[in-house]
Amino acid sequence: MLKFMPSLAVLVTLLGPAARGAAAGPVALFDEGHGQRFLAGRSGELDLSGLAAEFREAGMEVRIGRGRLDPAALHGVAVLVVSGAFAPIAPEEVETIRAFVGSGGKLALMLHIGQPAQSLLERIGIQYSRGPIHETAGVIGGRDLDFASTRFSPHDITRGLRSLSVFGCWALKNFNPEAAEIARTGKNAWLDSDGNGRLSPGEPVGEHALVVAGTLGDGAYVVFGDDAIFQNRFLGEYNRDLARRLARWLAGAPAGKSPSAPRPGGIKL
């Protein structure tokens with residue numbers, strides 16, 4: 001096992017495709033340095049090993065990063081996945097991510113709670129709702145927080161997609177002219193802003209965005225209002241096709257540029 005310690009991050013490389021002599025594809029780094037509890041390297045029902053497998057199927061090399069997101073951590077990386085963060089993304093990390101995307105990288109951000117990613121969302125022109133979305137159509141299992149959507153705008157991720165299912169989702173509001181809301185609820189969905197579990201007077205009713213995708217400089221990003229979308233429990237039955245489309249879209253990203261960091265990092269899966 002080889003260890004590198006650029007900046008404050010500890011980055012470990014294990015046996016992977018390159019070590020076995022196989023050609024390595026674009027590097028996808030799953031961030032696990034912000035309190036994540038649902039992990040790409042584990043196969044529990046709430047983990048992300050199924051999504052990682054789809055990334056590899058699309059030709060990417062999957063790594064895990066457990067340190068800070070600084071230029072060293074993102075050197076040579078094409079795709080950054082930040083799913084289910086529980087600890088705040090620091091301001092300097094936000095700027096590093098923006099520079100990474102601006103230089104050609106791609107970012108996939110999935111929210112479990114919004115606060116840890118709030119600064120990053122604000123910097124790309126997105127707000128998240130105070131309360132979760134409740135739907136009246138496409139409800140799964142009688143629980144109106146869980147529902148399927150078929151309302152999409154054209155994008156490589158959604159083109160030809162039949163449905164997207166969420167399991168407790170924040171509404172997203174896009175204020176960036178270089179981005180679009182590419183998946184939405186029906187017209188009668190509502191936001192539980194006061195947290196009492198029922199529709200109260202004055203709470204917003206209407207279409208709400210589930211997914212926002214946009215561009216920044218030479219790169220691109222996609223934000224999902226729910227991180228359960230790609231968890232193993234919900235992948236096979238509900239969102240496998242979405243995961244494959246996401247993986248193919250992300251696999252087209254070139255490696256981001258980071259002249260201050262000479263070594264790639266992460267744990268290969």
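The values are calculated or read from the model by the stated rules, or taken from the named source; none is laboratory data. Computed from a predicted structure; not experimentally measured. Cβ placement follows ideal geometry from the backbone for every residue including glycine, while neighbour counts extend to all protein chains displayed.
Odds and ends about this structure:
- When region 204-254 is limited to residues that are β-branched (Val, Ile, Thr) and surrounded by fewer than 24 Cβ atoms within 10 Å (Cβ to Cβ), the one that is nearest to Pro177 (Cα to Cα) turns out to be Thr215.
- Ala180 satisfies every condition listed in (1) assigned to a strand (DSSP E or B); (2) over 18 Å from the mean Cα position of the chain (by Cα); (3) closer than 28 Å to Leu80 by Cβ except (2).
- Put simply, of Ser83, Ser119, Ser43, Ser49 the only residue that is of a type in the set (Ser, Thr, Tyr), touching a helix residue (DSSP H, G or I) at 6+ places or on another chain (Cβ under 8 Å) and under 18 Å from Ile157 (Cβ atoms) is Ser83.
- Any hit, region 197-213, residues being under 24 Å from Arg66 (Cβ atoms), modelled with pLDDT of 95 or more and not hydroxyl-bearing (Ser, Thr, Tyr): no
- Pairs are defined by a Cβ separation below 6 Å, a sequence spacing of at least 6 or placement on different chains, a first member in region 141-169 that is touching a residue at least 24 places away in the same chain (Cβ under 8 Å) and within 15 Å of Phe230 (Cβ to Cβ), and a second member that is among the basic types (Lys, Arg) and crowded, with 17+ Cβ neighbours inside 10 Å; the pairs so defined are Ile157/Arg245.
- Of the criteria (1) within 21 Å of Arg98 (Cβ to Cβ); (2) crowded, with 20+ Cβ neighbours inside 10 Å; (3) free of Cβ contacts under 8 Å to residues at least 40 places away in the same chain, which one Leu172 fails: (3)
- Helices (runs of 4 or more DSSP H) lying entirely in region 49-137 (those with 3 or more residues that are polar (S, T, N, Q), more than 24 Å from Gly217 (Cα to Cα) and under 14 Å from the mean Cα position of the chain (by Cα)): none
- In region 255-269, residue modelled with the lowest pLDDT [restricted to those that are of a type in the set (A, V, I, L, M, F, W, C) and surrounded by fewer than 20 Cβ atoms within 10 Å (Cβ to Cβ)]: Ala261
- Scan region 113-130 for residues that are surrounded by 18 or more Cβ atoms within 10 Å (Cβ to Cβ) and closer than 19 Å to Glu181 by Cα and the total you get is 7.
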